[in-house]
Structure formats: structure tokens, C-alpha cells
Amino acid sequence: MPGYADNPLCFVADSGIHGRGLFAHGDIASGTWIGHYDGPKTLDNGMHVLWVEADPDVDGDTADGWIGYNGTNELRFLNHSKQPNGEMDGLDLYARRNIRAGEEITIDYGEEFDATA
């Protein structure tokens, strides 16, 4: 498994939410760009697939208006929260609020995500 140590703002460690998670190295101010979700496009769902609303004029083939990206960097370990401290803008992750050093960085997977599945 890669070291996932390229991002100076965050690191991967065991999570109390699920499996492994993404955590802040130091304090991160609200609005800060944390990183870019890297990975190839896919139409298949999977554990580390981030679904982004597609622009049909640009993206071509999509799955019901969405395109998946099969994560290959540390952002693939973002866990879900209904009160997230992070937010995706396309493939870019930003801090929604101030995040403390050592705090897990989370995003809301959306209303169709079933946390019990």
C-alpha cells in the first residue's frame, strides 16, 4: 500500500468512524484547499469511488449524470459524516470550518448514502 505521505496537510490513520481515515497534520483554517482527489474515471461503484456530478458537454459517458473517480491518493480515505468539516468542490477538498490538528477530516457522502449498508 502506498505511504500516502505526499500531502503536508493530512495523513492516513485508523479511524473511529470506519477502517482508515484522513486526519489533519496541523490546524487547518476554514476555506483552506486541502487537496485534489486523484484517480481514474469509472462507471463502476466501489469502496474508494467518489461520484461527481458530470457535465455532459465535457464528460461524455456518465452513470445517470454522475462520473466516478476511483481514488488513488490519500483523499480516498475520506469518511462520511452528517456534520462534516470538509467539502468537495468537484475533485477538490476544502475545509468547511476550522479543523484541529489530529481531527479526522470528513465529508457528507450525500443523501443516497446508506451508512448501514
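The values are calculated or read from the model by the stated rules, or taken from the named source; none is laboratory data. Everything quoted here is computed from the prediction, not taken from an experiment. Using ideal geometry, Cβ is built from the backbone for each residue, glycine included, and neighbour counts are taken over all protein chains shown.
Descriptive notes on the structure:
Yes/no matrix, rows are residues, columns are (1) in a strand (DSSP E or B); (2) modelled with pLDDT of 95 or more; (3) loosely packed, with under 15 Cβ neighbours inside 10 Å; (4) under 14 Å from the mean Cα position of the chain (by Cα):
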residue: PRO2; (1), (2), (3), (4): no, no, yes, no
residue: ASP6; (1), (2), (3), (4): no, no, yes, no
residue: PHE11; (1), (2), (3), (4): yes, yes, no, yes
residue: GLY21; (1), (2), (3), (4): yes, yes, no, yes
residue: GLY31; (1), (2), (3), (4): no, yes, yes, no
residue: GLY46; (1), (2), (3), (4): no, no, yes, yes
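- Residue in the range 51-62 that is part of a loop (DSSP other than H, G, I, E, B), within 17 Å of TYR4 (Cα to Cα) and either hydroxyl-bearing (Ser, Thr, Tyr) or modelled with pLDDT of 95 or more (or both) present: no
- Inspection of the range 77-90 identifies at least one residue that is exposed (fewer than 13 other Cβ atoms within 10 Å of the Cβ), outside any loop (DSSP other than H, G, I, E, B) and assigned by TED's automatic domain parsing to the domain that holds ILE28.
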